[in-house]
Amino acid sequence: MNIVIDQGNTSAKVAMYERRKLLASFIFKPLNLNRLVKLVNEYSPSRGILGSVTDFNPDIISYLKEKLNCFIVLDDKTRIPIAIQYKTPETLGRDRIASAVAAYIKYPTRNLLVIDAGTAITYDLVQAGGIYAGGTISPGMTIRFKALNNYTKRLPMLDEEGDIPELGYNTETAIRAGVVNGILKEMNAYIDEYKIKYPDLLVFLTGGHSFYFETKLKKSIFADGNLVLNGLNEILNYQYV
């Protein structure tokens, strides 16, 4: 059994897999050693992998290295089933690598656009045959709301809950329309642009806000909140191929 840990900017996801089958998943804010020990004792995994976009508790890493037969911390030296064309692979987010791998494993002969709507919104292109060509990073939805509040004198702190018209009719709806509709227009523009170049393009949507935008995007997409976890699990399994 595999234990897979995806440490994001705001929370950690932990999942248990039997080969490719997801058995259980958990979200922690934050993940501490005591919680992890309980999961390991309950499920008895033999192999594990960590993908982290931020600093991670070294005590957890030490524990897993000692407890498991094999434990991998994903970095740019880890063997993966796709080719990375990023000029600075050591700076490429581990979550971006994992989601690209998961999408490729599912559709290895198609051109793929992976959108991760989390703390940041990332757009990553995986060309047919497993070539990670690069991508872009923009502020996520919560960051945009916070920025408007932090960098102005009078704009309130809001979130996506509430009326979101095409044209705001007061300050609150103007902010929501600007943030949410702005992100939707951004996503649709990227999808349209890449589909011109790659007519067979498949689009994957993941991240904490993925299901929020899934219902609003007027495009054919695959929404998968476990895409990063699935990709990390695939990378772990790939070490034994």
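Some notes on this structure:
- Qualifying chymotrypsin sites (Phe, Trp or Tyr not before Pro) for region 98-205 [loop in DSSP, other Cβ within 10 Å: at most 13]: Y151, Y169
- Share, in percent, of DSSP beta bridges within the chain that are antiparallel, nearest 5: 60
- Spacing of the two label points (7 Å from each Cα toward its C-beta) at T54 and Q85, in nm: 3.2
- Solvent-accessible area per residue in region 101-202 equals 50 Å², computed with a 1.4 angstrom probe and all protein chains kept.
- Reachable aspartates and glutamates, given that their alpha-carbon falls under 13 Å from the alpha-carbon of K106 and they are not under 8 places away in the same chain: D224, E234
- Region 111-241 - Rg over Rh from alpha carbon coordinates, Kirkwood radius: 1.04
- Accessible carbon and sulfur surface of region 36-120 relative to its total accessible area, %, 1.4 Å: 46
- Within a straight-line Cα-Cα reach of under 16 Å, K219 can be paired with the following lysines, leaving aside sequence neighbours fewer than 8 residues apart in one chain: K185, K195.
- Coupling constants for region 221-227 follow from the phi torsions by the Karplus curve (6.51 cos²θ - 1.76 cosθ + 1.60, θ = phi - 60°), and in residue order they are 9, 10, 9, 9, x, 9, 4 Hz; glycine and proline get x.
- (1) -0.47, -0.66, -1.14; (2) -0.42, -0.61, -1.14; (3) -0.34, -0.52, -1.18, with the label sought being that of the calculated log10 I(q)/I(0) by the Debye sum over Cα atoms at q = 0.09, 0.11, 0.16 Å⁻¹: (2)
- Accessible area of region 176-241 belonging to carbon and sulfur atoms, whole % at 1.4 Å probe: 54
- DSSP-assigned coil residues among trypsin sites (Lys or Arg not before Pro) in region 87-120, each with at most 12 further Cβ atoms within 10 Å: K87
- Working note: 222 nm ellipticity from helices only, DSSP H runs with n ≥ 4, each -39,500 (n - 2.57), summed and divided by the residues of the chain, gives -10000 deg cm²/dmol to the nearest 500.
- Take the chain and mark each of the GluC sites (Glu not before Pro) that is in a DSSP loop with at most 10 other Cβ atoms within 10 Å; the longest unmarked stretch, sites excluded, is 1-160.
The values are calculated or read from the model by the stated rules, or taken from the named source; none is laboratory data. These numbers were taken from a predicted model, which means no experiment stands behind them. Positions of Cβ are backbone-derived with ideal geometry, glycine not excepted, and every protein chain shown enters the neighbour counts. What goes into the accessible areas is simple: the full protein's heavy atoms, side chains included, and nothing from ligands, DNA or RNA. Shrake-Rupley method; radii C 1.70, N 1.55, O 1.52, S 1.80 Å.
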